[in-house]
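The values are calculated or read from the model by the stated rules, or taken from the named source; none is laboratory data. Because the structure is a prediction, the values reported are computed rather than measured. Glycine also receives a Cβ, built like all others from the backbone with ideal geometry; neighbour counts cover every protein chain displayed.
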Amino acid sequence: RSDKCCKCKWFESWSKIRFIYPGCVEDLLQEVASLHQMASAPSPPPSLILVDGLEWYLQGREEESAAARLAALLCDTAAFLTRDLDRRGEGRGPCRLIVSFHPDRDGRGPGEAVLSVLDRYFQVKCGLDEAGAEGSRREWHVCMSGPSSSESDVGKRWHLVVEDNGAMEFREIANRATESCEKYDKS
């Protein structure tokens, strides 16, 4: 019986996730703006907004302007949804925002100018540097930089290893915090 209950909770959790694949920056802007309408819905608003591959939406003309518009809307939407969560008394905390951006994917990405615009809106950064690869095993250095509500994590570095079978190992790198993080923190 408990196994069945766990499966129900697992399914219920996954059924609350909404995946959206906008085709262009205008569609992404529309989807983010539509999240404001969730305040009038009976179900609680999202507590996480995740945008993966922002660089794909910023290819073309006026990349910096589009990045600023989108970043401002994302920040505003997360703040709006946080206020709605607080008003409802859901006890789920703030609406978090995670955006991935690769400044020079395949040499065709939007580049450092757009990264500079995004830095104004997204103050806490998580940088990933590939540390090596052997076969299909990949190694990364991970670093958090910028102001944070969790000051204990800012400036720390971690080593992430992803094995062939998908297993992950994640450990802190001691005594070298500021060395690798400086390139992510331009403030």
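Data overview
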{"quantity": "Test: GLY107 is surrounded by 15 or more Cβ atoms within 10 Å (Cβ to Cβ) and at pLDDT below 85", "calculated": "no"}
{"quantity": "Where a residue in the range 150-167 is in the same structural domain as GLU139 (by TED's automatic domain parsing) and its partner, wherever it lies, is assigned to a loop (DSSP other than H, G, I, E, B) and modelled with pLDDT under 80, with Cβ under 7 Å and at least six apart", "calculated": "VAL154/GLY146; VAL154/SER148; ARG157/ARG176; ASP164/GLY135; ASP164/SER136"}
{"quantity": "Conditions (1) in contact (Cβ under 8 Å) with a residue 40 or more places away in the chain; (2) surrounded by fewer than 12 Cβ atoms within 10 Å (Cβ to Cβ); (3) of a type outside the set (Ser, Thr, Tyr); number of the one not met by PRO42", "calculated": "(1)"}
{"quantity": "From SER43, SER65, SER100, SER34, residue being touching a strand residue (DSSP E or B) at 6+ places or on another chain (Cβ under 8 Å) and either small (Gly, Ala, Ser) or more than 24 Å from ASP119 (Cα to Cα) (or both)", "calculated": "SER100"}
{"quantity": "Subset tally (residues that are in contact with a Cys (Cβ under 9 Å, 6 or more places away or on another chain) and either part of a helix (DSSP H, G or I) or more than 14 Å from LEU97 (Cβ to Cβ) (or both)) for the range 36-59", "calculated": "1"}
{"quantity": "Looking only at the range 9-30, and only at residues there that are polar (S, T, N, Q) and more than 22 Å from ALA79 (Cα to Cα), the one that is modelled with the lowest pLDDT", "calculated": "SER13"}
{"quantity": "Qualifying residue in the range 73-89 (condition: in a loop (DSSP other than H, G, I, E, B) and either at pLDDT 90 or above or assigned by TED's automatic domain parsing to the domain that holds HIS36 (or both))", "calculated": "yes"}
{"quantity": "Close pairs from the range 118-140: first on the phi > 0 side of the Ramachandran plot, partner in a strand (DSSP E or B) and surrounded by 15 or more Cβ atoms within 10 Å (Cβ to Cβ), Cβ under 6 Å, at least 6 apart", "calculated": "GLY132/GLU139"}
{"quantity": "Test: residue in the range 31-43 that is assigned by TED's automatic domain parsing to the domain that holds SER116, modelled with pLDDT of 90 or more and over 15 Å from PHE80 (Cβ atoms)", "calculated": "no"}
{"quantity": "Hey, LEU70 under 21 Å from ILE20 (Cβ atoms) and either of a type outside the set (Phe, Trp, Tyr) or assigned to a strand (DSSP E or B) (or both) or not", "calculated": "yes"}
